[in-house]
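Since the structure comes first, as structure tokens, the remarks are kept for the end.
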Amino acid sequence: MNSIWKESASLPHFDTLEGSVTTDVLIIGGGIAGILCAYFLREKGVDYVLVEGNTICSGITENTTAKITSQHGLIYDKLLHRVGIEKAKMYLDANQNAVKKYFELCEDIDCDFEKRTNCVYSIDDKRKLEREVAALYKMGFPAEIIETEELPFQTAGAVSFENQAQFHPLKFLAKIAENLNIYEHTFVKELAEHTAVTEKGNIAFQKLIFATHFPIDNKHGMYFLKMYQHRSYVIALENAPKLRNLYVDEAKGGLSFRCYQDILLLGGGAHRTGKRGGNWKELRDFAAEHYPNVREKYFWATQDCMTLDGIPYIGAYSKRMPGCFVATGFHKWGMTSSMAAAMILTDLVLEKENSYAPVFHPSRNMLKPQLLINGWEAAVNLLTISKKRCPHLGCALKWNEADHSWDCPCHGSRFDEEGILLNNPANGDLRKEAKA
């Protein structure tokens with residue numbers, strides 16, 4: 001169950017930390033967000049260390065669909081009403097700036113980078129599309145509604161963003177990670193004041209960046225209430241029509257389409273982690289109906305951190321943790337969100353003002369309807385009787401038949417059949433007595 005990216009790229013390997021070290025900035029997490037933070041800090045001459053508990057890009061990053069776009073669903077009409085035009089434009093500009101940075105970096109990197117038009121379609125609600133275009137018009141962005149003749153079903157049209165892109169993420173990161181100060185298989189077991197404790201040594205630091213997908217510190221920031229996780233699935237199909245554009249449904253349960261070389265990547269089947277969903281069966285049923293001559297070459301799954309308001313948390317971790325920063329809650333748009341986060345956090349570490357930072361501030365108002373849903377899910381699962389409990393905060397685990405894993409409906413931790421940790425925020429495996 002490897003992604004097409006993992007099967008077609010070779011990443012550099014790094015030593016395990018043995019002994020204690022001192023650094024100005026410690027980055028925990030070796031996915032795309034952490035690696036880009038390290039890359040930009042090195043550019044600025046900052047002393048840093050990046051530690052990864054497994055190998056770089058072995059978590060969410062290797063399972064992306066790798067769309068580089070500032071169009072994150074039909075988000076801009078919603079942002080306009082929720083946070084106002086100033087912050088909505090901050091969000092747009094931060095992500096457009098991220099897209100631009102990819103264009104610059106990929107000029108010198110062989111990573112199958114291609115300019116594309118990104119399209120968010122609606123099956124039956126053209127008014128949603130019109131409201132989105134009107135919101136973008138107010139922000140001075142030239143979006144338009146187009147037809148979707150490439151898709152094998154009827155839609156009401158799609159809002160299109162030109163000059164977006166796609167690439168091979170691991171080929172890109174293999175080059176970016178070259179010569180960075182990284183330690184693999186270096187799991188942070190505990191954080192004390194300005195010290196990270198690992199199996200074979202401690203890391204003393206002045207500043208800290210959490211790039212761990214879901215933040216691993218529960219004592220501050222209330223991230224366990226401010227986020228939940230969502231799984232989604234991809235199949236890679238040979239002998240499918242080659243699409244010029246990138247497509248995604250505006251609806252939560254919709255499908256995603258993009259091509260890589262001669263292979264169509266079909267995504268969907270999504271559900272909250274720990275709940276039931278369509279998974280690969282939904283995608284395979286769709287392919288059998290609409291693309292009867294295709295052959296499935298790869299399949300994989302991923303999961304994403306979802307915030308209360310659809311905006312990532314990028315910035316100071318908590319008021320009670322000075323010098324600590326976080327990048328999380330990318331809502332399935334990890335490529336541009338990671339780039340935007342790395343640029344913002346580099347400025348914050350250097351104590352420079354960043355004009356985009358206010359819209360992403362992690363300590364913004366939590367009073368959103370999703371907070372009640374998250375709290376309810378946690379309460380129900382804490383009271384559910386189950387032999388298998390998540391070591392994160394004690395929620396009952398649910399068996400995921402499609403992935404053959406034990407999943408936490410509260411915060412999204414996952415474990416394999418033997419109880420080995422697959423996805424955080426849990427910071428370790430299931431206890432042996434919980435496997436029976």
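Maximal additional length on extending the Asn181-Thr22 stretch stands at 56.0 nm, based on 0.36 nm per residue less the C-alpha distance. The length gained by stretching the chain between Arg320 and Ser58 to full extension, at 0.36 nm per residue less their Cα-Cα distance, is 91.2 nm. Taking label points 7 Å from Cα along the Cα-to-Cβ direction, Trp376 and Met1 give a separation of 2.9 nm. The convex hull built on the alpha-carbon positions of the chain has an orientation-averaged projected area of 19.9 nm². Suppose R0 equals 22 Å; then what is the FRET efficiency for Gln261 and Asn163 from their Cβ-Cβ distance, rounded to the nearest 0.05? Once rounded, the FRET efficiency stands at 0.55.
If you take the alpha carbon atoms of the stretch 211-251 and fit the smallest convex hull around them, that volume is 152 Å³ per residue. A Förster radius of 41 Å combined with the Cβ-Cβ distance from Arg127 to Asp47 puts the calculated FRET efficiency at roughly 0.15. The modelled label-to-label distance between His361 and Asp15, using points 7 Å beyond Cα along the C-beta direction, is 4.3 nm. For the stretch 130-180, the set of chymotrypsin sites (Phe, Trp or Tyr not before Pro) satisfying both a DSSP loop assignment and a count of at most 14 other C-beta atoms within 10 Å is given as Phe153. Multiplying the residue separation of Glu199 and Glu149 by 0.36 nm and removing their Cα-Cα distance gives an extension gain of 12.5 nm.
Straight-line reach from Lys388: taking Cα to Cα under 14 Å and skipping same-chain neighbours fewer than 8 places apart, the aspartates and glutamates in range are Asp407, Asp416, Glu417, Glu418, Asp429, Glu433. In the full protein context, the chain carries 43 Å² of accessible surface per residue, based on a 1.4 Å probe and ignoring ligands, DNA and RNA.
The loop-placed trypsin sites (Lys or Arg not before Pro) in the stretch 156-217, going by DSSP, that have at most 13 neighbouring Cβ atoms within 10 Å of their Cβ come out as Lys200.
Strictly over 26 Å apart at the Cα level, which of Lys175/Lys281; Lys200/Lys275; Lys226/Lys398; Lys115/Lys368; Lys100/Lys368; Lys89/Lys368 would you flag in this model? Provide the component values of the computation, followed by the final result.
On the way: Lys175/Lys281 36 Å; Lys200/Lys275 38 Å; Lys226/Lys398 21 Å; Lys115/Lys368 37 Å; Lys100/Lys368 32 Å; Lys89/Lys368 21 Å.
Violating the 26 Å limit, Cα to Cα: Lys175/Lys281; Lys200/Lys275; Lys115/Lys368; Lys100/Lys368.
Cysteines in the chain that lack a partner Cβ within the 4.7 Å cut-off: Cys37, Cys57, Cys106, Cys111, Cys119, Cys259, Cys305, Cys324.
Note on Lys352: lysines with a C-alpha under 20 Å away, same-chain residues under 8 apart excluded, are Lys44, Lys87, Lys101, Lys207, Lys319.
Rounded to the nearest 500 deg cm²/dmol, what is the calculated helix-only ellipticity per residue at 222 nm for the chain, with -39500 (n - 2.57) per DSSP H run of length n ≥ 4?
On the way: 10 runs with 119 residues, N = 436.
Dividing the helical sum by the residues of the chain leaves -8500 deg cm²/dmol.
Its Cα centre serving as origin, the stretch 186-256 has a Cβ charge dipole (Lys and Arg +1, Asp and Glu -1) of approximately 100 debye. When the Cα positions of Leu79, Leu92, Asn118 are compared along the charge dipole of the stretch 1-132, Leu79 comes out farthest toward the positive end, with charges on each C-beta of Lys, Arg, Asp and Glu. Return the carbon/sulfur percentage of the accessible area of the stretch 334-436, one whole number, probe 1.4 Å, all protein chains in place. Of all accessible area on the stretch 334-436, carbon and sulfur atoms account for 59 percent. Once you place label points 7 Å from the Cα toward the Cβ at Lys100 and Lys115, how far apart are they in nm? Between Lys100 and Lys115, the simple spin-label model gives 1.5 nm. For the chain, a simple Cβ point-charge model (Lys and Arg +1, Asp and Glu -1, everything else neutral) yields a dipole of about 1320 debye relative to the Cα centre.
Loop-only check: which GluC sites (Glu not before Pro) in the stretch 346-436 are DSSP coil with at most 11 other Cβ within 10 angstrom? Can you show the working numbers first?
Numbers: sites: Glu351, Glu353, Glu377, Glu401, Glu417, Glu418, Glu433; in loops: Glu351, Glu353, Glu401, Glu417, Glu418.
Sites meeting the loop and neighbour criteria: Glu351, Glu353, Glu401, Glu417, Glu418.
Within the chain, the whole DSSP H helices whose Cα atoms reach 15 Å or more along their own axis and whose mean Kyte-Doolittle score is at least 0.0 are 32-43, 334-349, 369-383.
The residue list Ala135, Leu180, Thr155 was ranked by how far each Cα lies along the charge dipole of the stretch 124-188 toward its positive end, using unit charges on Cβ atoms, and Leu180 comes out on top.
The values are calculated or read from the model by the stated rules, or taken from the named source; none is laboratory data. On a predicted model such as this, the values are computed, not experimentally measured, just so you know. FYI the Cβ positions are ideal-geometry reconstructions off the backbone, even for glycines, and counts take in every protein chain you see. Note: accessible area is taken over every heavy atom of the protein model, side chains too, but ligands, DNA and RNA are not part of it. Shrake-Rupley method; radii C 1.70, N 1.55, O 1.52, S 1.80 Å.
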